[in-house]
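Scroll down for the structure; my scribbles are underneath it.
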Amino acid sequence: MLSIDRSIVEAIVAHARRDHPDEACGVVAGPVGSDTPTRHIPMDNAARSMTFYEFDSMEQLRVWREMDERDEEPVVIYHSHTATEAYPSRTDVSFAGEPGAHYLLVSTRDPDREEIRSFRIVDGVVTEEPVRIVDAAVDPHAVQSYMFGQSPATVDYECSGR
Amino acid sequence: MAIEVRIPTILRSYTGGAKVVEGTGDTLGDLLTDLDSRHSGLRARLVTDAGALHRFVNVYVNDEDVRFLGALDAKLNDGDSVTILPAVAGGAFGFAAAAAIAQHKLAAVATVADGEAGRRVSAAR
């Protein structure tokens, strides 16, 4: 499952809408091993195409080095499909080179409806996974005086079964 | 003569999990052959059967993309740092379709060229 902050999802969708009808692409970095995307980095689509995207190799080197220096990794790699569904194409699968990343696809084919799906792509095998959108708009430090030992930023509404 | 090589996650199965390895070589091609002698299989993930650099990887010497330095012929010096990254690319359109369109375009250009050549030939007659 991909857990991602609502503000990041909104920024990704805004990027995809802005670049429509060209495909948009980017990364969300997070601390190594955390599986938590925290830093949104919109990238240039060097292909500037409606049907293809490609990171600019020099921009990628700079961003990947920066992640390395900050002990981050690419937790999410996203791009948009602008006329088709948010499902990985054969090209997406053949290029998928980050086995630890969540491949997030946004379709902008419908201007009024958001379509976001997330996939793992490992050794050519595509596995869809649920996306959990987290509202972390509340400053976690502001809740320290709460009587209940639960941070509103991570409230999980699922029953524990007890 | 040692050259530091940074290995991406997806290829670390060839280096026993190591993020950085060392190798030698006067060119990138030589370096990859040298690395493959200790990390068997690594070269095949970077170089196609036809002997060209794979489309799915980016290789940098220091701060330069090797595609602008002669690819596998890129010259290396002692102390250089080589970085390998997975190329991040994709999109709605399949390779096969893109290749087919490129072929059509080439065919169309060829047809036009043939037509012109034909006209020139008939004009000369």
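Suppose we filter A:ARG113, A:ARG65, A:ARG109, A:ARG117 for residues that are under 14 Å from A:LEU2 (Cα atoms) and of a type outside the set (Ser, Thr, Tyr); which single one remains? Step through it out loud before you land on a result.
Working: A:ARG113 fails: under 14 Å from A:LEU2 (Cα atoms); A:ARG65 fails: under 14 Å from A:LEU2 (Cα atoms); A:ARG109 fails: under 14 Å from A:LEU2 (Cα atoms).
Just one listed residue meets the conditions, A:ARG117.
For A:ALA46, state whether it is facing chain B (nearest Cβ under 9 Å) and of a type in the set (Gly, Ala, Ser). Quick ask: steps written out before the conclusion?
On the way: facing chain B (nearest Cβ under 9 Å): yes; of a type in the set (Gly, Ala, Ser): yes.
When the stated conditions are applied, A:ALA46 passes them.
Taking region A:10-32, which residues are part of a loop (DSSP other than H, G, I, E, B) and closer than 17 Å to A:GLY100 by Cα?
Keep residues of region A:10-32 that are part of a loop (DSSP other than H, G, I, E, B), which gives A:20-24, A:32.
Passing the criteria: only A:VAL32.
Within region A:74-87, restricting attention to residues that are open to solvent by 10 Å² or more (accessible area, probe 1.4 Å), within 8 Å of chain B (Cβ to nearest Cβ) and not aliphatic (A, V, I, L, M), which residue is nearest to A:HIS15 (Cα to Cα)?
Filtering region A:74-87 down to residues open to solvent by 10 Å² or more (accessible area, probe 1.4 Å) leaves A:74, A:82-85, A:87.
Still in the list and also within 8 Å of chain B (Cβ to nearest Cβ): A:82-84.
From the residues that got through so far, the ones that are not aliphatic (A, V, I, L, M) too are A:82, A:84.
Details: A:THR82: 12, A:THR84: 17 Å.
Here the residue is A:THR82.
Which of (1) under 21 Å from A:PRO99 (Cα atoms); (2) acidic (Asp, Glu); (3) out of contact with any strand residue (DSSP E or B) (no Cβ under 6 Å at 6 or more places or on another chain) is the odd one out, the single condition A:GLU72 does not satisfy?
The single condition A:GLU72 does not satisfy is (3).
Residue check: is A:SER7 in contact with a strand residue (DSSP E or B) (Cβ under 8 Å, 6 or more places away or on another chain), small (Gly, Ala, Ser) and loosely packed, with under 15 Cβ neighbours inside 10 Å?
On the way: in contact with a strand residue (DSSP E or B) (Cβ under 8 Å, 6 or more places away or on another chain): no; small (Gly, Ala, Ser): yes; loosely packed, with under 15 Cβ neighbours inside 10 Å: yes.
So A:SER7 fails the test.
Does A:ASP35 meet the test of being assigned to a loop (DSSP other than H, G, I, E, B) and more than 13 Å from chain B (Cβ to nearest Cβ)?
Values: assigned to a loop (DSSP other than H, G, I, E, B): yes; more than 13 Å from chain B (Cβ to nearest Cβ): yes.
Spelling it out, A:ASP35 is indeed assigned to a loop (DSSP other than H, G, I, E, B) and more than 13 Å from chain B (Cβ to nearest Cβ).
Starting from region A:112-125, keep only residues that are assigned to a strand (DSSP E or B), then list their pairs with residues that are acidic (Asp, Glu) and open to solvent by less than 50 Å² (accessible area, probe 1.4 Å) whose Cβ atoms are within a distance under 8 Å, requiring at least 6 positions of separation or different chains.
A:SER118/A:GLU129; A:PHE119/A:GLU129; A:ARG120/A:GLU129; A:ILE121/A:ASP92
Can you work out which of the residues in region B:3-14 that are surrounded by fewer than 18 Cβ atoms within 10 Å (Cβ to Cβ) and without any contact (Cβ under 8 Å) to a residue 60 or more places away in the chain is farthest from A:SER57 (Cα to Cα)?
Checking each candidate, the answer is B:SER13.
Sort out which residues of region A:43-63 are under 18 Å from A:ALA96 (Cα atoms) and not acidic (Asp, Glu), and write them in order of number.
Result: A:MET43, A:ASN45, A:ALA46, A:ALA47, A:THR51, A:PHE52, A:TYR53, A:PHE55, A:SER57, A:GLN60, A:LEU61, A:VAL63.
Scanning region B:15-45 for residues that are out of contact with any Asp or Glu (no Cβ under 9 Å at 6 or more places or on another chain) and closer than 22 Å to B:ALA89 by Cβ, which turns out least open to solvent (accessible area, probe 1.4 Å)?
If we take residues in region B:15-45 being out of contact with any Asp or Glu (no Cβ under 9 Å at 6 or more places or on another chain) and closer than 22 Å to B:ALA89 by Cβ, then B:LEU32 is least open to solvent (accessible area, probe 1.4 Å).
Which ones in region A:23-43 are under 16 Å from B:VAL88 (Cβ atoms) and open to solvent by 10 Å² or more (accessible area, probe 1.4 Å)? Show your work before the answer.
So in region A:23-43, the residues under 16 Å from B:VAL88 (Cβ atoms) come out as A:23-29, A:37, A:40-43.
A:HIS40, A:ILE41, A:PRO42 - these are the residues of region A:23-43 that are under 16 Å from B:VAL88 (Cβ atoms) and open to solvent by 10 Å² or more (accessible area, probe 1.4 Å).
Filter region B:15-60 down to residues that are out of contact with any strand residue (DSSP E or B) (no Cβ under 9 Å at 6 or more places or on another chain), under 21 Å from A:TRP64 (Cβ atoms) and either outside the structural domain of B:ALA74 (by TED's automatic domain parsing) or not hydrophobic (A, V, I, L, M, F, W, C) (or both), then give me how many there are.
1
Can you spot a residue in region B:79-95 that is in a loop (DSSP other than H, G, I, E, B), modelled with pLDDT under 90 and either more than 14 Å from chain A (Cβ to nearest Cβ) or in contact with a strand residue (DSSP E or B) (Cβ under 7 Å, 6 or more places away or on another chain) (or both)?
So in region B:79-95, the residues in a loop (DSSP other than H, G, I, E, B) come out as B:79-80, B:87-88, B:91-94.
Next, from what is left, pick out any that are modelled with pLDDT under 90: B:91-94.
Cutting the leftovers down to either more than 14 Å from chain A (Cβ to nearest Cβ) or in contact with a strand residue (DSSP E or B) (Cβ under 7 Å, 6 or more places away or on another chain) (or both) gives us B:91-92.
Within region B:79-95, one or more residues are in a loop (DSSP other than H, G, I, E, B), modelled with pLDDT under 90 and either more than 14 Å from chain A (Cβ to nearest Cβ) or in contact with a strand residue (DSSP E or B) (Cβ under 7 Å, 6 or more places away or on another chain) (or both).
The values are calculated or read from the model by the stated rules, or taken from the named source; none is laboratory data. Predicted model only: the values in this text are computed from it and were never measured. All Cβ positions, glycine included, derive from the backbone under ideal geometry; neighbour counts span all protein chains shown. Please note that ligands, DNA and RNA were not included when accessible areas were found on the heavy atoms of the full protein model with its side chains. Shrake-Rupley method; radii C 1.70, N 1.55, O 1.52, S 1.80 Å.
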